[in-house]
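Peer 1: The structure under discussion is supplied below as C-alpha cells; questions concerning it will follow.
Here, each number is a calculation from the coordinates, and none is a lab measurement. Quick caveat, the model's predicted, so the values are computed rather than measured. Please note: Cβ atoms are built from the backbone with ideal geometry, for glycine as well, and neighbour counts cover all protein chains shown.
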Amino acid sequence: MSVLEVRNISHTYIKNKQQIHALKSVSFSLEKGEIMGVVGESGCGKSTLLKQISGIETPDSGDILIHGSVPEGKNLKSRRKRYSTMQMIFQNPLESFDPRRKIITSMEENLRFLAGIISKKEQEKIIYSYMEKVDLKKDLLLRYPRELSGGQCQRAAIARAIMIQPEILLCDEITSALDVIVQDKIIRQLKELVRQQEISVIFVSHDIALVSSFCDRIMVMLNGECVEQGNTKDIMTAPQSEYTKVLLDSVLEL
Amino acid sequence: MSEVLLDVKNLKAGYGKNIVVDEVSFSVKRNEIFGIVGESGCGKSTLLKALINPKEYGIQLYGGTAFFHDHELLSLSLSERKKLYGSKISMVFQNSASSFHPIRSYRKQFEETLKSHGFWEGDASIEKILDIFSKVHLPEGKRILDSCPYELSGGMNQRVGIAMAVLMNPELFLADEPTSALDVTVQKQVVNELMELHKKMKNSMILVTHNMGVAARMCDRIAVMFQGKIVECKNTELLLSSSEHPYTQRLLRAVPKLKREY
Ligand SMILES: Nc1ncnc2c1ncn2[C@@H]1O[C@H](COP(=O)(O)OP(=O)(O)OP(=O)(O)O)[C@@H](O)[C@H]1O
Ligand SMILES: Nc1ncnc2c1ncn2[C@@H]1O[C@H](COP(=O)(O)OP(=O)(O)OP(=O)(O)O)[C@@H](O)[C@H]1O
Ligand SMILES: [Mg+2]
Ligand SMILES: [Mg+2]
C-alpha cells in the first residue's frame with residue numbers, strides 16, 4: 001500500500017468573482033522511501049498541492065489517503081496526529097515559525113506535541129544534534145526568526161521538521177536561499193534520512209539540476225495540471241510534453 | 001574610464017556586538033551590474049540593508065563610508081533618505097512577500113508608494129504598472145493588483161517586488177535574490193527583461209544571488225563574500241575561468257549540473 005495517495009484533487013480559489021483553478025484533478029501516489037520531485041511554472045499550483053496534502057487547506061474535490069485511509073477529524077488531536085506523520089517545510093521560511101517566539105521555543109513545542117518528547121534535556125539533545133546536521137550554530141536558537149539570514153531561517157525550518165521524524169516530508173522550495181555548498185550538505189542529510197528511516201519526500205523545487213540528481217521520480221505541472229510524471233531518467237532524457245522540453249532547455253548553466 | 005556611481009569603503013556593520021560585514025570595500029560603476037555571491041549567512045543582505053536604511057533593520061554601523069554621487073548613504077538624514085530611496089535607489093528584498101503589508105492589496109500599496117514620492121498619476125500609473133507586470137510574465141495584472149501577498153504564489157510576489165523596485169527607474173537597483181522563487185522559464189524572461197531595462201536606462205545594479213548561472217549571465221563583475229569579507233572580486237569571465245580563493249573554487253565546484261544523458 002502506498003504511504004500517500006492523491007486522487008483527482010481539484011481546488012479553485014475565488015478572487016473578485018474570478019475563479020482561479022489552482023489544481024485540476026491531480027493524482028499520484030508516493031511509496032515508502034520514495035522521493036518525488038515537483039517542478040513547474042511559478043503560480044502553477046505546487047504550494048497549493050502541498051498545503052492540501054498537509055491538511056492546511058481542504059481540496060474542493062478528490063481524496064487524499066494516508067496509508068490507505070482518509071485522515072479523520074479536524075480537532076486538535078487529529079491534526080496533531082496528521083502533523084506527526086507528515087511535516088511541511090514552507091516556501092517562505094518565516095512561515096514555519098511563530099514570529100513572537102524564539103527558534104528554540106518553536107522547536108521544543110514541535111518535539112513535545114508532535115513527537116511526545118517531554119524531557120527538556122532530551123529535547124535539547126535532539127535540537128542540538130539537528131542544528132548541527134543543518135550546519136547552524138547553537139547560539140542562533142535564542143534568536144527570533146527575523147534575526148536570522150534568509151538561508152539560516154530556511155535551515156532552521158528544515159531542522160524543525162525533520163527532528164520529529166515524520167513519515168512524509170513535504171518540501172516547498174527548501175533550498176532557494178542556500179548557497180550551493182550548504183545546499184549540498186542539506187541534500188546529503190535528507191538522503192541519509194530517507195535511506196535510514198525510509199521516509200517519503202515530495203520535493204518542490206525550481207532547481208531542475210538539483211531535482212534531477214536528488215529525486216527518484218518527477219512530476220511536471222503547468223496551470224494546475226500534471227502534464228507529465230515518470231522516472232527521473234525518463235523525464236530528463238526523453239521528455240514527452242512540450243512544456244517539459246522548454247523547461248529543460250531554459251536552465252541557465254555555468 | 002567610466003564614472004563610479006557607488007563607492008563603498010571599509011564598511012563595517014553588524015548587530016549588537018556581532019560584526020557581520022567586516023571592512024568591505026567595492027565600487028559600482030554607472031551602467032554596471034555588480035554581483036555578490038557567497039555563503040548563506042555571510043552578510044550579503046545586511047550589506048544591502050545597511051546601504052538602504054541601517055536603523056530600520058537594527059543594523060549597527062562601526063565605520064566606513066558609502067558615497068552615491070556626493071551623498072554619503074550611511075549618514076543621511078531622514079529627509080534626504082526619503083528623497084533618494086524609491087526614486088534614485090530602490091531595493092527588492094530577499095523575502096519579497098514579507099516586505100509588503102500582508103493584508104493590504106497591492107493596488108493600495110503601489111498607490112501609497114508612488115504618492116509618497118510624488119510620482120502618482122492615477123490611471124496612467126496603473127497602466128505603467130500593468131505594463132511592467134506583463135514584462136515580468138504576470139499577465140493577469142488586474143487580479144494581481146487586487147490581491148494581497150498571501151493570495152499570490154511565492155514567485156508571483158517576487159515579481160511584484162521587482163516591478164515595484166524598477167517602477168521609478170532608479171539609478172541604482174539593489175536586488176537581493178530577485179529570482180530565487182522563479183521557475184527557469186520565467187526566470188529567463190525576468191533576467192532578460194532586467195537586462196533590457198538596464199540597457200535602456202543605463203542604470204546600475206547590485207545583484208545578490210545563490211544562483212551562479214544567473215550571476216554568470218547577468219553580472220559584469222562578481223564579488224565573492226565569505227564570513228563578512230569580500231575574498232575575491234573579478235570580471236565575471238575571469239572569476240569563472242580562473243578563481244583564486246579556495247572558497248570560490250569550492251563554490252563553483254558545488255554547482256549542481258543538469259544531467260540529461262545517462
Ligand atoms: N489564498 C489564495 N487566494 C486566492 N488565490 C490564491 C491563494 N493561494 C494561491 N492562490 C493562487 O493559486 C495559484 C497557484 O498558487 P501556488 O502558490 O500554488 O503556486 P506555486 O506553483 O507554488 O508557485 P511558485 O512557484 O511561484 O511558488 C496562483 O495563481 C495564486 O495566485
Ligand atoms: N536582525 C538580526 N539580528 C541579529 N543578527 C542578525 C540579524 N539579521 C541577520 N543577522 C546575522 O547576521 C549574519 C549575516 O546575515 P545576512 O542576512 O546578512 O546573511 P546573508 O549573506 O544574506 O545570508 P543568506 O544567503 O542566508 O540570506 C548572520 O549570521 C545572521 O544570523
Ligand atoms: Mg509556491
Ligand atoms: Mg540574505
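Peer 1: Mind checking the mean number of beta-carbon atoms from other chains within 10 Å of the Cβ atoms in B:208-216?
Peer 2: Neighbouring Cβ atoms belonging to other protein chains average 4 per residue here.
Peer 1: Based only on other Cβ atoms within 10 Å, what is the fewest-to-most ordering of B:TYR262, A:TYR128, A:TYR13, A:TYR243?
Peer 2: Least to most surrounded, the residues fall as B:TYR262, A:TYR128, A:TYR13, A:TYR243.
Peer 1: Quick one: helix A:103-115 against the long Cα principal axis of chain A, what's the angle to the nearest 10°, folded into 0 to 90?
Peer 2: Helix A:103-115 sits roughly 80 degrees off the main axis of chain A.
Peer 1: A further question on this structure: Among DSSP beta bridges whose residues both lie in segment A:4-252, state the antiparallel percentage, nearest 5.
Peer 2: 55 percent
Peer 1: Filter the cross-link list A:LYS102/B:LYS17; B:LYS188/B:LYS257; B:LYS202/B:LYS234; B:LYS9/B:LYS55; A:LYS74/B:LYS108 down to pairs whose alpha-carbon distance in this structure exceeds 24 Å.
Peer 2: Over 24 Å apart, Cα to Cα: A:LYS74/B:LYS108.
Peer 1: Just for segment B:120-262, what percent of DSSP beta bridges are antiparallel, to the closest 5?
Peer 2: 55 percent
Peer 1: Expressed as a rounded percentage, what relative contact order does chain A have, with Cα pairs under 8 Å and six or more residues apart?
Peer 2: 26 percent
Peer 1: Let me ask something else. Find the relative contact order for chain B and round it to a whole percent, using C-alpha pairs within less than 8 Å whose residues are 6+ positions apart.
Peer 2: Result for chain B is 26 percent.
Peer 1: Still on this structure, I have one more. Debye sum, Cα scatterers, the protein assembly as shown, no solvent: what log₁₀ I/I(0) at q = 0.07, 0.08, 0.09 1/Å?
Peer 2: Per q value, in the given order, log10 I(q)/I(0) is -0.38, -0.50, -0.64.
Peer 1: Go ahead and collect, in residue order, the members of segment B:64-108 whose backbone nitrogen is under 20 Å from a label point 7 Å along the Cα-Cβ direction of B:ASP123.
Peer 2: Only B:107-108 pass the distance filter.
Peer 1: While we're looking at this one, here's another question. From the phi of every residue in segment B:65-71, what ³J(HN,Hα) in whole Hz does the Karplus formula 6.51 cos²θ - 1.76 cosθ + 1.60 yield, where θ is phi - 60° and glycine or proline is x?
Peer 2: Coupling constants for segment B:65-71: 9, 9, 8, 10, 6, 9, 8 Hz.
Peer 1: What is the calculated FRET efficiency for B:LYS9 to A:SER78, with r their C-beta to C-beta distance and R₀ = 45 Å, to the nearest 0.05?
Peer 2: According to the calculation, E is roughly 0.15.
Peer 1: Which residues does a label at A:ARG7 reach in segment A:35-68, if reach means a backbone N under 19 Å from a point 7 Å past the Cα toward the Cβ?
Peer 2: Output list for this probe position: A:52-55, A:58-68.
Peer 1: Starting from the Kirkwood Rh over alpha-carbon pairs, what translational D in µm² s⁻¹ does segment A:4-252 have by Stokes-Einstein at 25 °C and 0.890 mPa s?
Peer 2: The Stokes-Einstein estimate is 131 µm²/s.
Peer 1: Non-local amide H neighbours of B:LEU174 (under 5 Å, H modeled in plane, Pro and chain starts lacking H): which ones?
Peer 2: B:SER90, B:MET91, B:VAL92, B:ILE206
Peer 1: Let me ask another. Using only the alpha-carbon atoms, how far is helix A:150-162 inclined from the longest principal axis of chain A? Give it as 0 to 90 degrees, nearest 10.
Peer 2: The two axes meet at around 80 degrees.
Peer 1: If I fit a long axis through the Cα atoms of helix A:76-85 and take the longest principal axis of the Cα atoms of chain A, what angle between them do I get, 0 to 90°, rounded to 10?
Peer 2: With rounding to tens, the tilt is 80 degrees.
Peer 1: Just need the relative contact order of segment A:98-145 here, percent rounded to a whole number, with Cα pairs under 8 Å and 6+ apart.
Peer 2: Relative contact order for segment A:98-145 comes out at 58 percent.
Peer 1: Something else about it: Sequence-distant or interchain residues sharing an amide H contact under 5 Å with A:ILE35, placed H: which?
Peer 2: A:VAL201, A:ASP216, A:ARG217
Peer 1: Then there's this: Calculate how many DSSP beta bridges within the protein assembly as shown are antiparallel, expressed in % of all such bridges and rounded to the nearest 5.
Peer 2: 55 percent
Peer 1: Using just the helices of chain B, give the 222 nm mean residue ellipticity in deg cm²/dmol: DSSP H runs with n ≥ 4 each add -39,500 (n - 2.57), and the total is spread over all residues, rounded to 500.
Peer 2: Taking each H run of at least 4 residues, the total per residue is -11000 deg cm²/dmol.
Peer 1: Mind checking the full-extension length gain between A:GLN197 and A:ASN16? Use 0.36 nm per residue of separation minus the Cα-Cα distance, one decimal, nm.
Peer 2: Taking A:GLN197 through A:ASN16 to full extension adds about 60.6 nm, to one decimal.
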